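See structure below.
The values are calculated or read from the model by the stated rules, or taken from the named source; none is laboratory data. Everything numeric here is computed off the predicted structure, so don't read it as measured data. Cβ coordinates were reconstructed from backbone atoms using ideal geometry, including for glycine residues, and neighbour counts include every protein chain displayed. What goes into the accessible areas is simple: the full protein's heavy atoms, side chains included, and nothing from ligands, DNA or RNA. Shrake-Rupley method; radii C 1.70, N 1.55, O 1.52, S 1.80 Å.
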Protein chains: 2
Amino acid sequence: MDIRACLFDVFGTVVDWRTSVSRDLAAFAKQKGIAGIDWTEFAVEWRKLYQPSMDEVRSGRRAFTILDVLHRESLDNLISRYRIKGLSETDIEHINRVWHRLDPWPDAVPGLTRLKSKFIIAPCSNGNIALMVNMAKRAGLPWDCILGAETARAYKPMPEAYLNSCRQLGLAPASVMMVAAHNHDLKAAKAQGLNTAFVPRPKEHGPGQTTDLAPDLACVDLPAADFVDLAAKLGC
Amino acid sequence: MDIRACLFDVFGTVVDWRTSVSRDLAAFAKQKGIAGIDWTEFAVEWRKLYQPSMDEVRSGRRAFTILDVLHRESLDNLISRYRIKGLSETDIEHINRVWHRLDPWPDAVPGLTRLKSKFIIAPCSNGNIALMVNMAKRAGLPWDCILGAETARAYKPMPEAYLNSCRQLGLAPASVMMVAAHNHDLKAAKAQGLNTAFVPRPKEHGPGQTTDLAPDLACVDLPAADFVDLAAKLGC
């Protein structure tokens, strides 16, 4: 393998969205005097609307629309479903941008910093550029550039999301490694000729997680324990 | 002014293309036994083909084509004009990628590092993403992300090159500052509502430079002596 760049899934792989969203919104709700909502459940319900909202774009029924807009539409539905009252437009936008304020898993920044010394590192996420940049500034994620859905105008696992990210780096897929905690993402990347590394995130979905606890060796080239282990295995 | 991001012209503003190209190619020519060429003149002639090559795209006569490809076409013309013989395809690609190996002006990295502590910093260049990423890795330019022509699919000074870069950051033009050593670039940015800062690079074109020695105050909001002075003036 002659790897020149590592691309990363972000939600779940680099950052802990479930804990971050619920903690942030619980604090905001307290400040606003909103009681009686289980914010972990709210975060999970919001995330459940994520794939269906992108399916509209993947199917071609809807023109490419950035994730901030899809998140906002899902949020508006949830605010109505949970009967949350008294939020201003500014409040709702602040809540929507909680996805810009996610905390990394503890090994993410040290691992990425080591990987950056040898490889180009970039997200290949379904998050839009502003979301990825704001998250990186806050969390200290040392990306070389931001690639993924918005620059490809295609949502993973569509082939173009991976292929366009490679093309924008001027690299063949065989010179790129996709890193994710989700086997389905790596299966799609592998099908386009990228190398693949799996890092387990067994608490992404909370204590009872049953999915993606182990790499699917049919599509994973390199299993690693975490980002620091990945850096070591790649000689950084 | 409520500035959230600073966008930078790169060729001439961040890096010294003339000295870098001529020095790099002179060393390569010596190694290859190619004699009798003034590599500073060669660099200048190559750069003269830059605007005409982009004009084909700006006019709509040609679909958007990344700068690496335009550079290569210009280089092929020059190799023929200078009657340089004996270069392999690998050699020619190595020469073409000299634009990925440009050295920054001495104040660029310290200034950008300070600016990054307060603002999103990104190139808004006509260079393609791979070119900008490879240059940044080599030169230590600490960009938060790579914006500009390739993500906009429009070459400056087309309005879309500036507007799309702002949009991808989720920012209004009024929250963005364009930084350049070229008044024409700042005039175009200002026309789209961006704030503007001018940094003189009086040696970009060599000792006899007559253009862009001073800011055009009709389109420049903030004149600065260099990137470190700009950081100080913006409170970093």
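For A:GLU150, the stated conditions do not hold, so it cannot be described as open to solvent by 20 Å² or more (accessible area, probe 1.4 Å) and within 23 Å of A:VAL44 (Cα to Cα). Exactly one residue among A:GLU41, A:GLU73, A:GLU56 is open to solvent by 20 Å² or more (accessible area, probe 1.4 Å), among the charged types (D, E, K, R), out of contact with any Gly (no Cβ under 6 Å at 6 or more places or on another chain) and more than 30 Å from A:VAL199 (Cα to Cα), and that residue is A:GLU73.
A:ARG201 falls short on exactly one of the conditions (1) surrounded by fewer than 24 Cβ atoms within 10 Å (Cβ to Cβ); (2) without any contact (Cβ under 8 Å) to a residue 40 or more places away in the chain; (3) away from chain B (no Cβ under 14 Å); (4) not aromatic (Phe, Trp, Tyr), and that condition is (2). Selection within the range A:96-141: residues that are touching a Phe, Trp or Tyr at 6+ places or on another chain (Cβ under 6 Å) and of a type in the set (Gly, Ala, Ser). The member of this set that is farthest from A:LEU70 (Cα to Cα) is A:GLY111. Any chance the range A:100-108 includes a residue that's in a helix (DSSP H, G or I) and open to solvent by 20 Å² or more (accessible area, probe 1.4 Å)? Among the residues of the range A:100-108, not one is in a helix (DSSP H, G or I) and open to solvent by 20 Å² or more (accessible area, probe 1.4 Å), which makes the answer no.
For the range B:173-191, the tally of residues that are surrounded by fewer than 24 Cβ atoms within 10 Å (Cβ to Cβ) and within 14 Å of chain A (Cβ to nearest Cβ) stands at 1.
Every condition in (1) within 14 Å of chain A (Cβ to nearest Cβ); (2) open to solvent by 60 Å² or more (accessible area, probe 1.4 Å) holds for B:LEU217 except the one numbered (1).
Here the condition is being open to solvent by 50 Å² or more (accessible area, probe 1.4 Å), small (Gly, Ala, Ser) and modelled with pLDDT of 95 or more; of A:ALA29, A:ALA63, it holds for A:ALA63 alone.
If the condition is being open to solvent by 70 Å² or more (accessible area, probe 1.4 Å), part of a loop (DSSP other than H, G, I, E, B) and either charged (D, E, K, R) or within 16 Å of B:ARG138 (Cα to Cα) (or both), then the range B:109-127 contributes only B:LYS118.
Read through the list (1) within 14 Å of another protein chain (Cβ to nearest Cβ); (2) surrounded by fewer than 18 Cβ atoms within 10 Å (Cβ to Cβ), then give the number of the only condition that B:TRP143 fails. Status for B:TRP143: all satisfied but (2). Within the range A:151-161, the set of residues being more than 14 Å from the chain's Cα centre (by Cα) and away from chain B (no Cβ under 12 Å) comprises A:ALA154, A:MET158, A:PRO159, A:GLU160. Determine, yes or no, whether A:MET132 is open to solvent by 30 Å² or more (accessible area, probe 1.4 Å) and touching a residue at least 60 places away in the same chain (Cβ under 8 Å). When the stated conditions are applied, A:MET132 does not pass them. The set of residues from the range B:153-171 being open to solvent by 20 Å² or more (accessible area, probe 1.4 Å) and under 21 Å from B:TRP99 (Cα atoms) comprises B:ARG153, B:PRO157. Within the range B:85-99, the set of residues being surrounded by fewer than 23 Cβ atoms within 10 Å (Cβ to Cβ) and within 14 Å of chain A (Cβ to nearest Cβ) comprises B:GLU93, B:HIS94, B:ASN96, B:ARG97.
Checking the structure you have, find out if any residue of the range A:100-117 is free of Cβ contacts under 8 Å to residues at least 12 places away in the same chain and touching a helix residue (DSSP H, G or I) at 6+ places or on another chain (Cβ under 7 Å). Before you say what the answer is, go through the steps one by one.
Initially, the range A:100-117 is screened for residues free of Cβ contacts under 8 Å to residues at least 12 places away in the same chain, giving A:106.
Next, from what is left, pick out any that are touching a helix residue (DSSP H, G or I) at 6+ places or on another chain (Cβ under 7 Å): none.
Looking through the range A:100-117, none of the residues is free of Cβ contacts under 8 Å to residues at least 12 places away in the same chain and touching a helix residue (DSSP H, G or I) at 6+ places or on another chain (Cβ under 7 Å).
With B:GLY148, B:GLY170 as the choices, which residue is modelled with pLDDT under 95 and within 14 Å of chain A (Cβ to nearest Cβ)?
Only one candidate qualifies: B:GLY148.
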